[in-house]
Amino acid sequence: MKSEKKGERVRLALAVGILAAVVLISTGWLLQSSQTTTEAAVYGVSELYLKELTVHKASQFADTLRSQAQQLRVTIHALRESDLRDQKTMQDFIGQMEEENEFDFLALTDEEGTMYTKESSFSGVFDAEYPENSPREPVVSFGQDGNGDHLVLITIPIENRLLEGRRLMWATVGLDAMDVADKLSLSGTGGQSFCNIIMTDGSYVARTHHAHIEENSNLFAAVENSAHFAEETPLWLWREHVRTGQAGMVVYELGDVLHYTYYMPVAGTEWFITTTLHYDLISGNVDVIRTTLTRNGMIQLALILIVLFAFIGIYASMHKRNDNLRFEKIQAEESSRAKSVFLSNMSHDIRTPMNAIIGFTNLALKNVEDEKKTRDYLSKILASGNHLLALINDVLEMSRIESGKIHLEETECNLFKLFHDLSSIIQGQVQSRHLELSVDTAGVREEHVYCDKLRLDQILLNLLGNAVKFTPSGGKIYLSIDQAESEREGCGSYVIRVRDTGIGMTPEFASKVFQPFERERSSTVSGIQGTGLGMSITKSIVDKMGGTIDVVTAPGEGTEFIVRVNLRLQETQGEAEVLSEEGESCTFDFTGRRILLVEDNELNREIAMEVLAETGFEIEEARDGAEAVEMVRGSAPGYFDLVLMDIQMPVMDGYEATRVIRSLDDRDLAAVPIIAMTANAFEEDRQEALKTGMNGHLAKPLDTEKMFAILTEILGQAAGPKAGEN
């Protein structure tokens, strides 16, 4: 025992001695080195200060460029909206924009290289053709105006604007180089500091006054003849850094004064900004720096013991952090595995309907004279196409959810009608699988609510669709809704249950059923096709609605999904509606009606024309928005009953074409009904179409029943020629 205590004392004494030696040696070394490190510290402080100052000035200059570029974009937008009939009206527009935006210089350039200012034009300014795929970022350059004044030029390409048969290609705004230099000047330094902007060869873009350098046009040439550079920062290194786009600092003696110059590239240009300070501005702080270094060194030494004890806490923290990193790595690997499995499954699931589409198309072509076979093949092609579209919609919906683009729009909704409609929609699938569907809404007291009906439909159709998929023939599906007591005033608390007697899920899969890309068994194994995204989409929508979704399941015992949501109540709750199904099918006859079909894709145009012609429409076609505008403008009021407008088209898109039509002087022509017919199929696309002035929105691939229903609603009647026609 005594020997152990003695050993501990020896170890403690040894540790204290080592620590004391470290402290003494460190103190002596710091005191000895403080003198030699002062100049290095001065250099470091100077570099840090100059860097911050240069960054500030560079940012100030870049902000000026961005501000001018933004004003130029606004000017270009105004240009698109302006009625430029000839060169004079364009030059008047340039003068107006120059005055309103306080531009030093403004010019437009056409495809032949002619530049137009408010007073004149200059031919041959650009001798190269404007590239088809021009960059959208502003181009910054250096030049002169007609008076020989130096300008910093910002140029942005112009799209879709003609003047007297020529395309306007560029818009250019210029900043007076003298004004730029004035903004870069460093006030309050008594002429002992200055700031310049130079090109890579040293030529000035903007120059501020410097007492030790005579007026000249090139900074490198001036200092090469007059300055003596420090060995560590020679002039050639400065030139090399500028050539390769690197920031740095040089020290040189000029006029018996030591200069510190920091240089760095200016964002968005090929230029450099340089900031220079005289050593006199810094030397007064050298003693303060030396004293501060010594004092801080002693304080740091005194903190060594505290740091040693802190190492234990740091070690524990790092250990915990490593555990977290391992957990995150496992999660990332699990997510990567799920996505890999998803991609593998999707490859199979997409190729399966594609194989059917291609295979049956080939068979239909070979047996085109056999009407029965051809009709059978076409029905199978249609079914495979609808399945492929459902797969694509799920993937796109998940992508929109992950990017935060999903939005809810509350509208008036009757829950009884919603559940009745759902039952009608899913009934066909239920009967084809020989299942039994039971719907119970007796637990609802207040059926008139506000909600996003489209999204609530999507939730319930996903749940019911899964129940149909995973319930064997002869099974049962139960859909019910109950109203619970709500703690939120003006809201109803609703509990929706979808239960089936199907195959159920294992506990392992049930715990991750709402994760994206998850399927318990691929379609290759189960024969049940899908993306594995339906439940993830469903949960994301429920979360967006502020609700919850839970699952109760076991293998072979079926599955029950429970959705709880709070929905705003309408102020008045009417009598329960009596819902009945109409057994009549809709027929459409638009004989004598004339429609303008605007579509750039020839195949899509051919399909739409065939479908429309079958119902009696007289059809005229346009291949882009500009052509459609001219056809409407040149027609008599009432000549076109309606315009079906594609959105993404060359020359002029559907949104722009609609805006132009709505702004026509003839108000009867401007009021022609316009319906978007586009592959932009999301809710925000529909809203954008309505905001632009369109009367409706149809998504591709076209649902003909929906299309004719919208046409019937807008045209006001389903059959017969226009009034006054035979």
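The values are calculated or read from the model by the stated rules, or taken from the named source; none is laboratory data. If you're wondering where the values come from, they're calculated on a predicted model, not measured in any experiment. Cβ atoms come from the backbone with ideal geometry, glycine included; neighbour counts cover every protein chain shown. These accessible areas exclude ligands, DNA and RNA; they are computed on the full protein's heavy atoms, side chains included. Shrake-Rupley method; radii C 1.70, N 1.55, O 1.52, S 1.80 Å.
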statement: Here the FRET efficiency for residue 619 versus residue 270, based on Cβ atoms and R0 = 41 Å and rounded to 0.05, is 0.15
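What shape does the range 599-644 have by the C-alpha gyration tensor, where a ≥ b ≥ c are the square roots of the eigenvalues, rounded means a/c under 1.5, and otherwise prolate means a/b greater than b/c and oblate the rest? Please report the intermediate quantities before stating the final value.
Working: a/c = 3.42, a/b = 1.26, b/c = 2.72.
Judged from the Cα gyration tensor, the range 599-644 comes out oblate (a/c at least 1.5, b/c at or above a/b).
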- line: Two pseudo-spin positions, 7 Å from Cα along C-beta at residue 457 and at residue 601, lie apart in nanometres by 2.3 nm
- prompt: Measuring from label point to label point, each 7 Å out along Cα→Cβ, what is the residue 704 to residue 18 span in nm?
  reply: 9.0 nm
- request: Report the calculated FRET efficiency for residue 141 and residue 379 (r = Cβ-Cβ distance, R0 = 60 Å), to the nearest 0.05.
  value: 0.45
task: Could you work out how far the C-alpha centroid of the range 430-465 sits from that of the range 157-173, in angstrom?
output: 55 Å
message: From the phi angles alone, apply the Karplus equation (6.51, -1.76, 1.60; θ = phi - 60°) to the range 688-697 and give each ³J(HN,Hα) in whole Hz, x where the residue is Gly or Pro.
response: 5, 4, 5, 5, 6, x, 7, 9, x, 9
query: Out of residues 5 or more away from residue 407 or on other chains, whose amide H comes under 5 Å of its own, with H placed 1.01 Å from N in the peptide plane?
result: none
statement: Simple spin-label estimate for residue 224/residue 67, 7 Å along Cα→Cβ, in nm, reads 3.7 nm
query: Non-local amide H neighbours of residue 111 (under 5 Å, H modeled in plane, Pro and chain starts lacking H): which ones?
result: 167, 169
field: Phi to ³J(HN,Hα) by Karplus 6.51 cos²θ - 1.76 cosθ + 1.60 over the range 480-490, Hz, x for Gly, Pro
entry: 9, 9, 10, 9, 9, 5, 9, 8, 9, 5, x
task: Give me the number: length gained by fully extending residue 201 to residue 120, i.e. 0.36 nm times residue separation minus the C-alpha to C-alpha distance, one decimal in nm.
output: 25.9 nm
statement: Whole-Hz Karplus couplings 3J(HN,Hα) for the range 407-416, θ = phi - 60° and coefficients 6.51, -1.76, 1.60, Gly and Pro as x, run 10, 9, 10, 7, 9, 5, 8, 9, 5, 4
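Which value, in nm² and rounded to one decimal, describes the direction-averaged projected area of the C-alpha convex hull of the range 42-129? Don't skip to the answer; put the middle values down first.
Working: hull surface 33.0 nm².
Averaged projected area of the range 42-129's Cα convex hull equals 8.3 nm².
Provide 108, 258 ordered by accessible surface of protein heavy atoms (probe 1.4 Å), highest first.
Largest accessible area first, the list is 258, 108.
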query: Which far-off residues, 5 or more places away or on another chain, put their amide H under 5 Å from the one on residue 621, with H placed in the peptide plane?
result: 597
- prompt: residue 371: accessible area at probe 1.4 Å, nearest 10 Å²?
  reply: 120 Å²
